[in-house]
Structure formats: structure tokens, C-alpha cells
Amino acid sequence: MKRNILCIGAGYVGGPTMAMIARQCPDRRVTVVDINEARIRSWNSDTLPIYEPGLDEVVKACRNRNLFFSTDIARGIAEADIIFVSVNTPTKTFGQGAGLAADLQYWEKTARLILQHATSDKIVVEKSTLPVRTAAAMSRILHSGETTVHFEVLSNPEFLAEGTAIADLTNPDRILVGGADTPAGQAAVAELVALYAAWVPRERILTTSVWSSELSKLAANAMLAQRVSSINALSALCEATEASVSEVARAIGMDARIGPKFLRAGVGFGGSCFHKDILNLVYLCESYGLTEVADYWRQVVLINDYQQSRFVAGMVRAMFNTVAEKRIALLGFAFKADTGDTRESPAIRIARLLVDEHARVVVSDPRALDNARADLADLGERVLFEPDPYAAAAGADAVAFLTDWQEYRQLDFARLLKNMRHPAFLFDGRNFLDPAALFRLGFNVHAVGCKPLSHLDM
Ligand code: NAD
Ligand code: UGA
């Protein structure tokens, strides 16, 4: 039987994951719906709403063949057999749990929409990242009406990372499917497993209880972010002791039990999920009275905030304890390379802290300048935006690299330096440039967790 697939939420997860399913399963009809008409228009155009290497090709190969983008949510629900829900689950900004808990209003509205428009049995798949036991709430809403339709709720969290989404989806480390331990639950699990088995080796598809699946997603993000905070905490100690954090990371990462990944020190983690998912985990622990466990995970976020303030404090200190009226070019605003996404980007906080110090901030980024303008709109004329990195750096006292874009490695640094004010400072917030070469050119180089290379008497 050819089963129709619907995804509610055409964002960073919904768009790429459904495009991949459509490509790998040409006999399935996959529809992605969203309440945001502009976003759907963009998915149907030549300029997709998100930048992700390789995404254009996948979408173009399937769109209007077995992949459709639409705003007709009611029709999508009525026609679907399997419904993925991939709406946003941001941190709550009001009421109980404000600043910590996940805001489940979009999620609940979606559940009610499904209930309203479903006329046949559905498998409802949680793709969004959700607090543990949300599936139970979802199931209660779905079965709250007079309907005889049966809804089986599964958890199938997404582990893709932005910038590598297509590679991650093509060759995932694992696929996780959580379902109820009932005949209907296990039948639904088997159906989702069969869908992924079209391209993912069976041994990489894990099946668990719903609760384990929901918690594993929060736990995976917390563990990854914890590694970043651990190496960033050590970077502060390296700066105090003149050890090099890159050398330390290399030495510890060669221990097979530790491994080399997620040990790059820098300005801290950003992105839409690490921050919100850890806070969500903290809130869950607090709700269960696990105060010590909550405090443990909260510290991962606190170190991340500290790393950003520490970075700015280091800039001010290096530049003779004042940056007032100095032009500072921030090169890179996306939260990581190969994405235009700036959600929770460390650059947002760094730009604001520099503006508080009365610096004249100029932001540059190859992909994220529109988002940067929106993020800093309230600062008005106090921040400038300049796509060309050389123009951004012209007349500047300092350049600070906040995203490790590949094209920044290839910059003509002598040309950059020539038009800057002297002494010129270069702050490498991602530890991805060659400090010795830059120092030789004439820059005063400050990289995270490394001894500064300065031409000035310190
Ligand atoms: P997003 O904000 O890019 O997309 C969510 C979309 O849902 C938006 O376009 C929004 O308009 C739409 N939406 C909201 N309510 C709706 C409704 N009632 N009906 C139809 N559409 C609705 O978010 P995202 O980055 O794709 O993340 C979605 C979920 O996936 C989150 O829970 C997130 O934690 C999780 N996740 C994200 C990533 C990532 O890399 N961004 C990776 C793994 C998991
Ligand atoms: C992360 C996870 O890697 C995904 O598995 C997960 O699905 C996703 O969150 C999610 O739930 O949204 P993402 O945030 O897209 O993916 O990107 P990462 O590569 O994890 O990077 C996150 C942040 O950590 C970036 O700001 C990055 O620059 C920073 N980072 C990463 C470091 O500072 N050092 C490192 O060594 C690694």
C-alpha cells in the first residue's frame, strides 16, 4: 500500500527531512504544510527559505513529483496516513516555566488541527524536540473528541545538524523510533522503521519506548553542548596558564574513550536547540524535584554565557581598556558555518555587548546578513551591515571572527590589514585561523584559549 505522508511545519527540520524521504521513497507522496504562506511560497520557488548545502538539488529532483509544499493544512491532514509534526518548540517566555520550559502552544494547536480534520486512522510522529511524556499529552488531545478515528503517537526525534543536514539525513548515525508497547503501537513502529529502511541500514534503526526516545533527544543535545562548555571552561584556564586549548583538545581527543569531536573551543555554542533543549532538561529535572541534576545541566548554559562575556572583556582589555568609538568588524554572524541561521548565535550577544561599550560595530556574513539585520534591528544606526569583509574591516581597529566560514580562511589578510587602523587587532573567536602567520603579517592576534601574539609592549 502506498501510504501518504504529511509534515506539519516547513522549517529547518520539516523541509530537509521530508525532501530526503521523498527522494529515497519515490513511491510515497510527501506533502509539507505550514501556516506561514511566505515560507511555503519560498519552498515552491527557486530561492528556498533556508540555506543548506545540497538541499536545492534534492528539492528540485522531487518537487511537484512526489514532494509538495502547501498551506492547505486541512486537506493535508485528511489525505495523510502518517503525519510528522515538526513545528517549533521554543523556550517559554511567559507564565510558569518562563525562560526554561518548552512553549508547547504550537504543538497543541497542531494536535487540535489533526483532531479536527482527520477522518481516517493516522500515525502521528513527533519530529519536534519535546519534553519527556509529551506524547501522552498529544494522545490525550487526539482522543479527546467524539471521533472513532485511532491515532497512534510515535516519537522520532531528528538529529540532523544545520549546515550538514543533507549528509546527516543521507547517512544518519542512527534513526530512533519510540512507540507504545501495544499491538497498535508496535505496528506503527514497524511502519516507520520500514519507511527509513528504504535507505538506512536496519542495524542503525533503533526502537525504544516513547519516553526513552523523547529523553534521548534532549540528552544527546545536552551531552554535545556539555563537551563544548567543558572545552570552553578549559580555554579560560589555558589563557591563565599559557597552555594552548587546541593542543589540550588534541591530546585529550586522541583518547579513544573521549574522541576528537565537539572539542573546538570558541565563542560558545549557538543554534536554535542546544540552549533551549538544555533549559528544557533543567526544567524537567526541577519538576521531578531533581535539583542537583538540574543545577548540573544549568551550568553548561552558564559557562556558554560566560564564554561570550569573557570574549568581549578580552577584546576591551586588549584594546587599551576602551573600545568606545572604535570601529570593530564582526566577521561571521551565523551560529555556525554553512547556514544562514542566526538563532541564539553567540554573535548576537557579542555585538550587543560591544555596542554597550559604545563600539561602532560593523557586521558581515556571506549568508546571514538578513537575519543579522532582524536580530539587531532595535540597535538602529549603532550597528552597520556590510556584505564585503574588506569594506567591513576598512578603518576598523579590530576584526573579530565569530563564524568559521571556509571563505574567511581564504581572505587576503594583508589587504584586510592595510586598510585597518593601527595597531590592528584580530580576535579569532573560532580558533580556525593560523595565528602565527597573521602575527607575522602585523596583526595583534588573540585566539580563544591561546597566548596572545602581540607586537605591543604588554
Ligand atoms: P522552524 O521554526 O524552522 O520551523 C517550524 C515551522 O512550523 C515554522 O515554519 C512555523 O510556521 C510552523 N508552524 C508552527 N505552528 C504551526 C501550525 N499550527 N501549523 C502549521 N505550521 C506551523 O523550526 P525547526 O528549526 O525546523 O525546528 C522544529 C523542531 O525540530 C523543534 O522542536 C526543534 O527543536 C527540532 N529540531 C531542530 C533542528 C534544527 O537543526 N533546526 C534539529 C533537530 C531537531
Ligand atoms: C545540533 C546537534 O549537533 C544535532 O544533532 C541536533 O539535531 C541539533 O542540534 C538540534 O537538535 O537542533 P546544530 O545546532 O545544527 O546541531 O549544530 P552543531 O554542529 O551541533 O553546533 C552547535 C553549536 O556548537 C554551533 O554554534 C557550533 O559552532 C558550536 N560548536 C560545535 C562549538 O563551539 N565547538 C564544537 O566543537 C562543536
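The values are calculated or read from the model by the stated rules, or taken from the named source; none is laboratory data. Treat the numbers as computed from the prediction; the structure is a model and nothing was measured. Using ideal geometry, Cβ is built from the backbone for each residue, glycine included, and neighbour counts are taken over all protein chains shown. Just so you know, the surface numbers come from the protein's heavy atoms only, side chains and all, with ligands and any DNA or RNA stripped out. Shrake-Rupley method; radii C 1.70, N 1.55, O 1.52, S 1.80 Å.
Filtering the stretch 379-430 to residues that are polar (S, T, N, Q) and closer than 24 Å to Gly268 by Cα leaves Thr403, Gln406, Gln410. Restricted to the stretch 60-100, and to residues there that are closer than 11 Å to Ile8 by Cα and of a type in the set (S, T, N, Q), the residue that is most open to solvent (accessible area, probe 1.4 Å) is Asn88.
The set of residues in the stretch 259-296 being more than 16 Å from ligand 1 (Cβ to nearest atom) and either of a type in the set (Phe, Trp, Tyr) or open to solvent by less than 70 Å² (accessible area, probe 1.4 Å) (or both) consists of Gly259, Leu263, Ala265, Gly266, Val267, Gly268, Cys285, Tyr288, Gly289, Val293, Ala294, Tyr296.
Of Ser272, Ser246, Ser212, all but one fail to be within 16 Å of ligand 2 (Cβ to nearest atom), assigned to a helix (DSSP H, G or I) and polar (S, T, N, Q); the exception is Ser246. Checking each residue in the stretch 249-262 for being part of a helix (DSSP H, G or I) and within 13 Å of ligand 2 (Cβ to nearest atom) picks out Ala249, Arg250, Ile252, Gly253.
Considering only the stretch 164-203, state which residues are in a loop (DSSP other than H, G, I, E, B) and open to solvent by 10 Å² or more (accessible area, probe 1.4 Å). Thr164, Asn171, Pro172, Asp173, Arg174, Ala180, Asp181, Thr182, Ala197, Ala198, Trp199, Pro201, listed by residue number. Of the set (1) within 16 Å of ligand 2 (Cβ to nearest atom); (2) assigned to a helix (DSSP H, G or I), all apply to Ala265 but (2). Filtering Phe439, Phe385, Phe401, Phe413 for residues that are out of contact with any Pro (no Cβ under 7 Å at 6 or more places or on another chain), modelled with pLDDT of 95 or more and open to solvent by less than 10 Å² (accessible area, probe 1.4 Å) leaves a single hit, Phe401. Residues of the stretch 34-58 that are aliphatic (A, V, I, L, M) and without any contact (Cβ under 8 Å) to a residue 60 or more places away in the chain: Ile35, Ala38, Ile40, Leu48. Scanning for something without any contact (Cβ under 8 Å) to a residue 60 or more places away in the chain and acidic (Asp, Glu), does the stretch 271-291 turn up at least one residue? Checking the stretch 271-291: not a single residue is without any contact (Cβ under 8 Å) to a residue 60 or more places away in the chain and acidic (Asp, Glu). Meeting the requirement of 2 or more residues that are in contact with a strand residue (DSSP E or B) (Cβ under 8 Å, 6 or more places away or on another chain), within 15 Å of ligand 1 (Cβ to nearest atom) and among the small types (Gly, Ala, Ser), the helices (runs of 4 or more DSSP H) wholly within the stretch 1-117 are 14-24. Selection over the stretch 309-336 of residues that are surrounded by fewer than 20 Cβ atoms within 10 Å (Cβ to Cβ) and either within 12 Å of ligand 2 (Cβ to nearest atom) or at pLDDT below 95 (or both) gives a count of 0. Return a yes/no flag: does the stretch 215-233 have any residue that is without any contact (Cβ under 8 Å) to a residue 12 or more places away in the chain and either touching an Asp or Glu at 6+ places or on another chain (Cβ under 6 Å) or within 16 Å of ligand 1 (Cβ to nearest atom) (or both). Yes, the conditions are met somewhere in the stretch 215-233. Does the stretch 174-194 contain at least one residue that is of a type in the set (Ser, Thr, Tyr), on the phi < 0 side of the Ramachandran plot and under 25 Å from the mean Cα position of the chain (by Cα)? Scanning the stretch 174-194 turns up no residue that is of a type in the set (Ser, Thr, Tyr), on the phi < 0 side of the Ramachandran plot and under 25 Å from the mean Cα position of the chain (by Cα).
For the stretch 342-455, give me every one of the helices (runs of 4 or more DSSP H) that falls completely inside it and has 2 or more residues that are over 26 Å from the mean Cα position of the chain (by Cα) and within 16 Å of ligand 1 (Cβ to nearest atom). Per the criteria, no element qualifies.
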